[in-house]
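Participant: Structure below; questions to follow.
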Amino acid sequence: MYLTFRSVCVGIATALALGCGSSGPATSYPDAQPLDSGIPDATLRVDVQPDVVKPLPISGGDNVLLFGGSVHLLGTACTSEPGATGDRWCAFTSPSKTQIGDLDLFVLNVSRAASGVTIVCGGGVVDPNCLKLTGGFYEDDVRPARFTGDTLLYFDLSATAYGWRPGMINGRVLALADAGMVHSCFAASKGTAALCLRDIPESSTASVTRSDLLVGRLDGANDPPLARIDTVISFNADDGNQQRFQNGFPTPTGDVIAWSSPATPTGPEVLKVQTLDDPRTLLTVASDVTAWNASPDGSRWYWLSQVNDMTGAGALQSAPLPAGTTPATLLTNVVEFAVAPTGGIAAVTATGTLRGFGDPIGAPTTITPIDTGVVGMVRVSRLGHVAYAKSFDPILRLIDLHVRKLDGTGMPCTLSSKQESPIFAPFLPGAGAILWARFNDLNSVLIGDPIPTDGLLTNLSTCQTTIVAPRIQDLAAAGDNGVLFSNDGDELDATLRIRSIAGGSMLSADTPTMIQTRVDDFAPVFPSPGAVLFTVNAASPSDGLYLHLVAPARTSPDGGTSDAATTGDAVAD
């Protein structure tokens, strides 16, 4: 689900696969994110820099070239299904060698590459560990390519939607665009279920878009596998920031589909649910509800009811899933809430009070005051930490940053009391620490230079903060034992390094290890195989996709390889 940072889109996704329209995936190890403040160029100093000739890329050693040439990783690049024990795959694009201007899309078995298997991508060689899915790759804001769980959804130049999972030789057509644009495709975080929207041009207007909701399984018997289950109002310009359409998979198995939409542009938002393969189970759950979510075990609904159009506040209610009978009000005047993987809930009221429910099912009347003057939440951890802000600069999009446990236990941490941080704060998978960033010296920035940004790590037991590195561009967790970051660069590339973490919560005193200079983008693949993928696009002979093995794969008690998504925090989109 998406929540609002008042009028700013800052939402929190839970460990369940829920969404609003083009829903974002929830994974435990998000790909590295550029720390972009959104500051317009006009706010920076207009100085002209002389041309600089950059040195050729330099490798720090132990890097394996997987694919040579110009390469870009997808935004959510790798498989991450909860509990999966199979190989990890990642996806990348490269300019077509046969059609100028087109892009090839590949998926590559990173686990095999990490084990030392030589893999060949393209060039007329058929390698089952590197598959070319299309020679005409396409994506835009409403048709992104990404993994959710182990399912990759993507589009080609004909606007046809495809899905792929490990074990498939080719992608499978999900839905055809002959009757209207297909977009906003989304997959369950576990299993083969997927959905897309297909617009209905003749029933849409300039302000209202009606779409067929298409749902099915990648391994379904029908061809294409997605079929219409309802027609929804997927967009209404008159709703403003209070968009009243949402869809997703509210149970951890991915076998149930839920969606909400008004029947008419001015009507109330109506929530419906259905077991994926049985249309006889279609059920209208509730009317006049929005921002719905579910408990991690899929037994309870949570939603806002009777939302005030002016304040965005409503009653936070709980009801059994799927029936939704006799909903009980947990808290009134709520503007946003988040469900933690622990099952607890954090909620912000219109007056800025942040409150926590440690056990909203077993003890729904036990409410813990957390803080006051809160303007929005950023993220929740797998152990119920809440990262939130008490002030927000809407021009520079910077916040202060605080962390508390939603049940009131533990040390309350103020990471920053000033509006100096971008809306970016991933917890380490074990929730022993939080990564964040801090902008500085904004007035001294030259056009074309990255904004000076410190990467930091805060121990949540002691609230002690340590600088990971100065002048960073990207920052990501390498499991609980390291931090990957890129710095000493510009808007095009930077040096990728890793720094160790002791005990899942404290930076070690070791000097950061340089992995590669002039890195374009990177994606951590943890805990198995414990590696990082990165690309070099420096117009040099060294350009390509590389793998750097950071740590050996960890083994779960049942003998399988443990999966990132089983221990991760909730991820903000």
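Participant: Hey, what's region 75-221 come to in accessible area per residue, 1.4 Å probe, Å²?
Facilitator: So region 75-221 comes to 39 Å² accessible per residue, rounded to a whole number.
Participant: Would you give the gap between the C-alpha center of region 78-128 and the C-alpha center of region 275-290, rounded to a whole Å?
Facilitator: Each part's Cα centre sits 38 Å from the other's.
Participant: Using the per-residue mean of other Cβ atoms lying within 10 Å as a proxy for protection, in what order, highest first, do the peptides 97-105, 126-134, 251-259 fall?
Facilitator: Taking the mean over residues of other Cβ atoms within 10 Å, the ranking is 251-259, 126-134, 97-105.
Participant: Going highest first, how would you order 83-90, 368-375, 300-307 by mean Cβ packing within 10 Å?
Facilitator: So the order, starting with the most tightly packed, is 300-307, 83-90, 368-375.
Participant: Would you work out what percent of the accessible area of region 265-373, with all protein chains in place, is carbon or sulfur (probe 1.4 Å)?
Facilitator: After summing per-atom areas, the C and S share lands at 54 percent.
Participant: Give me the net charge of GLY163's neighbourhood, meaning all other residues with Cβ under 10 Å from the Cβ of GLY163; Lys, Arg count +1, Asp, Glu -1.
Facilitator: Residues close to GLY163 contribute a combined charge of +2.
The values are calculated or read from the model by the stated rules, or taken from the named source; none is laboratory data. Since we're looking at a predicted model, the values are computed, not measured. Neighbour counts run over all protein chains shown; Cβ positions are idealised from the backbone, glycine included. These accessible areas exclude ligands, DNA and RNA; they are computed on the full protein's heavy atoms, side chains included. Shrake-Rupley method; radii C 1.70, N 1.55, O 1.52, S 1.80 Å.
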